[in-house]
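The numbers here are math on the coordinates, done by the rules we state, and not lab data. All of these numbers come straight from a predicted model, not from anything done at the bench. No Cβ is skipped: glycine too gets one built from the backbone with ideal geometry, and neighbour counts run over all protein chains shown.
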Amino acid sequence: MKKRIAALLLSMALLCMSGCAPKGEKAQIAATTMPVYCFTQRLCQGTPLTVTRLVTENVSCLHDYSLQVGQMRAIEQAELIVISGAGLEEFLQDALHGKRVCEAAGDMELLEGGHDHDHDHGHDHAGHMHEEDPHIWLSPENAKEMAHNICHSLCQDYPQYTDIFQTNLAALEADLDALQAYGELALADLSCREIITFHDGFSYLAESFDLTILEAVEEESGSEASAKELIHLIGLVQEHELPAIFVEANGSTSAASIIRSETGVKVFTLDMAMAGDDYLEAMYRNIDVLKEALGK
């Protein structure tokens with residue numbers, strides 16, 4: 001027994017002296033949201049690299065998001081942090097200090113953000129424009145660029161797996177091309193190409209498939225649309241003879257329900273593809289919803 005204990009202690013000492021395992025054998029990569037997690041995981045298939053997803057809750061935005069202890073631990077242990085970028089993960093600014101970070105957005109050209117609306121809560125304030133829209137992954141073409149940027153970072157950090165990364169990137173890009181082609185075909189002959197959304201993050205989705213957003217209402221619980229805004233939205237629905245309006249999967253449906261009761265317009269749900277389990281599945285579902293809501 002004493003010999004076995006001594007051998008065990010010696011093994012532990014040698015392990016401590018040897019430090020970390022060679023890079024790539026027990027590497028940890030942390031990705032923030034579902035899209036960048038899916039892209040990174042696909043690129044790492046066939047390697048021993050492991051990818052951890054930080055944000056797993058059903059969220060539609062990260063404006064007020066706070067890290068939990070387990071997430072902080074995952075960031076500390078990770079060798080590489082993959083973020084979407086474009087200002088989406090501002091809550092991570094302090095936690096990422098000194099870490100190796102891959103920003104999937106790169107130098108991508110961004111669309112202007114939507115408006116914050118005055119919901120008449122007794123304050124005299126006008127709506128203002130967000131500087132840039134960070135929901136870039138809702139465009140399949142942008143998703144390809146994000147995957148390319150992630151692949152470039154992986155190749156720099158783990159050059160021994162470059163061939164695998166490149167092969168996986170080609171397969172992922174083919175899937176994203178198929179997604180774009182599916183959407184273009186499915187949405188080619190809609191009876192209406194104008195939409196109202198109750199989230200201001202669907203601009204890239206609309207642009208990808210030649211849709212026009214008449215109004216993007218950022219509505220949260222406790223900050224619902226005012227009576228004045230509801231009248232405006234009802235007027236838009238009637239003026240443009242819209243067959244449907246769109247709420248966000250994890251967002252408020254209060255204003256949309258009122259508009260439906262006043263106009264008879266149908267209410268459909270779009271997915272920000274930030275939560276859930278699979279990016280491609282969420283995007284195909286969005287296309288199918290748009291076709292059902294706006295088709296002939």
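Once the Cα-Cα distance is subtracted from the 0.36 nm per residue extended length, the Ser261 to Val289 segment shows a gain of 8.0 nm.
Pop the C-beta distance of Thr167 and Arg193 into the FRET formula with R0 = 35 Å and round what comes out to the nearest 0.05.
The pair Thr167/Arg193 has a calculated efficiency of 0.40.
With N as its number of residues, segment 248-296 has a Cα radius of gyration that, divided by 2.2 N^0.38 Å, comes to 1.28.
With a Förster radius of 25 Å applied to the C-beta separation of Glu241 and Leu185, the computed FRET efficiency comes to 0.50.
Rounded to the nearest 0.05, what FRET efficiency is calculated for Leu214 and Glu141 with R0 set to 25 Å and r the Cβ-Cβ distance? Each step should come with its number before you reach the end.
Numbers: r = 23 Å, r/R0 = 0.94.
Efficiency, from the Cβ-Cβ distance: 0.60.
Extension gain, Glu76 to Ala95, is 6.0 nm, computed as 0.36 nm per intervening residue step minus the present C-alpha separation. Shown for segment 181-266 is the translational diffusion coefficient from the Stokes-Einstein equation, using the Kirkwood radius over Cα pairs, a temperature of 4 °C and a viscosity of 1.567 mPa s: 96 µm²/s. The label-point distance for Val59 and Thr253, in a model that sets each label 7 Å from Cα toward Cβ, rounds to 2.3 nm.
Stretching the chain fully between Asp177 and His152 yields a gain of 7.1 nm (0.36 nm per residue, less the alpha carbon separation). Based on the Kirkwood approach, the hydrodynamic radius assigned to segment 24-115 is 13.9 Å, with every pair of different Cα atoms included.
Size of segment 41-92: Rg and Dmax of its alpha carbons, in Å, are 12.3, 36. In this structure the amide hydrogen of Ile213, modeled in the peptide plane, comes within under 5 Å of the amide hydrogens of Ile195, none closer than 5 places in sequence on its chain.
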